[in-house]
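Peer 1: Pasting a structure here, questions to come.
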Amino acid sequence: MTTLQKTLLALATGSLLSVSAQAAVNYTGTSYVGVKAGQFMIDDDGTQKLDKATAYGVYGGYNFDPNFGVEVEFVGSDDADVRVGGVDGEYDVKTYGAYGTYRYYLPNASGLYAKGKLGIAKTEADVNYSNGTSSSSDDTGIAGGVGLGLAVNNNMSIEGEYAMADSDIDSKLWTIGAHLKF
């Protein structure tokens with residue numbers, strides 16, 4: 001991670017925490033936990049044939065007020081097919097992330113909201129080839145995402161999300177999830 005990325009992340013986090021702390025004075029925060037499923041899309045340089053991997057994950061967070069919060073997540077994949085230099089194999093991906101979040105509730109939309117998140121994520125990829133060799137890679141970088149959500153009731157929401165991690169392993173992730181507030 002470059003110095004500029006670290007500086008921007010520190011400034012964004014400090015601003016989010018400051019605004020959230022001020023907003024939390026008159027608001028009782030809410031915690032939530034949820035599950036998500038979707039699909040990983042890993043960028044490559046064109047020398048590999050990568051099938052998209054099915055992703056499964058868990059996440060949780062805390063909203064300081066109706067708009068600002070923090071969230072952590074783990075998303076892993078099942079094995080997906082890969083072909084590199086004529087050799088077949090399987091790969092799997094895992095990401096661990098921590099984010100600041102913002103939700104904007106659309107006026108007159110009965111619980112519909114837009115969500116944005118920005119933070120850091122560690123991405124790990126492991127490949128096992130049919131010839132008995134293997135390789136692995138992991139890197140940490142800035143990550144973020146955007147999505148739409150629907151508050152089904154006061155205790156449950158459903159979200160669709162597109163997330164990206166900028167590291168040596170550039171990954172994109174589409175997910176649909178649900179969480180319960182407590």
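The values are calculated or read from the model by the stated rules, or taken from the named source; none is laboratory data. Predicted model only: the values in this text are computed from it and were never measured. No Cβ is skipped: glycine too gets one built from the backbone with ideal geometry, and neighbour counts run over all protein chains shown. The area values use the complete protein model at the heavy-atom level, side chains included, leaving out ligands, DNA and RNA. Shrake-Rupley method; radii C 1.70, N 1.55, O 1.52, S 1.80 Å.
Peer 1: Criterion first (in contact with a Phe, Trp or Tyr (Cβ under 8 Å, 6 or more places away or on another chain), closer than 19 Å to Q39 by Cα and aromatic (F, W, Y)) does F64 satisfy it?
Peer 2: Considered against the rule, which asks whether it is in contact with a Phe, Trp or Tyr (Cβ under 8 Å, 6 or more places away or on another chain), closer than 19 Å to Q39 by Cα and aromatic (F, W, Y), F64 comes out as no.
Peer 1: Would you pick out the residues in the stretch 87-110 that are out of contact with any Leu (no Cβ under 6 Å at 6 or more places or on another chain) and open to solvent by 50 Å² or more (accessible area, probe 1.4 Å)?
Peer 2: D88, E90, K94, Y96, Y102, Y104, Y105, P107, N108, S110
Peer 1: Hey, does the stretch 94-105 have a residue that's modelled with pLDDT of 90 or more and more than 16 Å from A163 (Cβ to Cβ)?
Peer 2: So far as the stretch 94-105 goes, yes, one or more of its residues are modelled with pLDDT of 90 or more and more than 16 Å from A163 (Cβ to Cβ).
Peer 1: Determine the pairs where a residue that is basic (K, R), located within the stretch 81-107, has a partner that is assigned to a strand (DSSP E or B) with Cβ atoms under 6 Å apart, the partner being 6 or more residues away or on another chain.
Peer 2: Pairs that qualify, where the first residue is basic (K, R) and the partner is assigned to a strand (DSSP E or B), are R83/K49; K94/G76; K94/E124; R103/Y113; R103/K115.
Peer 1: Same structure again: Of the residues that sit in the stretch 61-97 and are farther than 16 Å from F40 by Cβ and of a type in the set (D, E), which one is nearest to the chain's Cα centre (by Cα)?
Peer 2: E71
Peer 1: Still on this structure: Working only within the stretch 110-141, note down all residues that are β-branched (V, I, T) and in contact with a Ser or Thr (Cβ under 8 Å, 6 or more places away or on another chain). Quick ask: steps written out before the conclusion?
Peer 2: Quick first cut of the stretch 110-141, residues β-branched (V, I, T) only: 120, 123, 127, 133, 140.
Within the stretch 110-141, I120, T123, V127, T140 qualify.
Peer 1: If a residue has to be over 15 Å from G149 (Cα atoms), open to solvent by 20 Å² or more (accessible area, probe 1.4 Å) and in a strand (DSSP E or B) to count, how many in the stretch 62-77 make the cut?
Peer 2: The number of residues fulfilling the criteria is 5.
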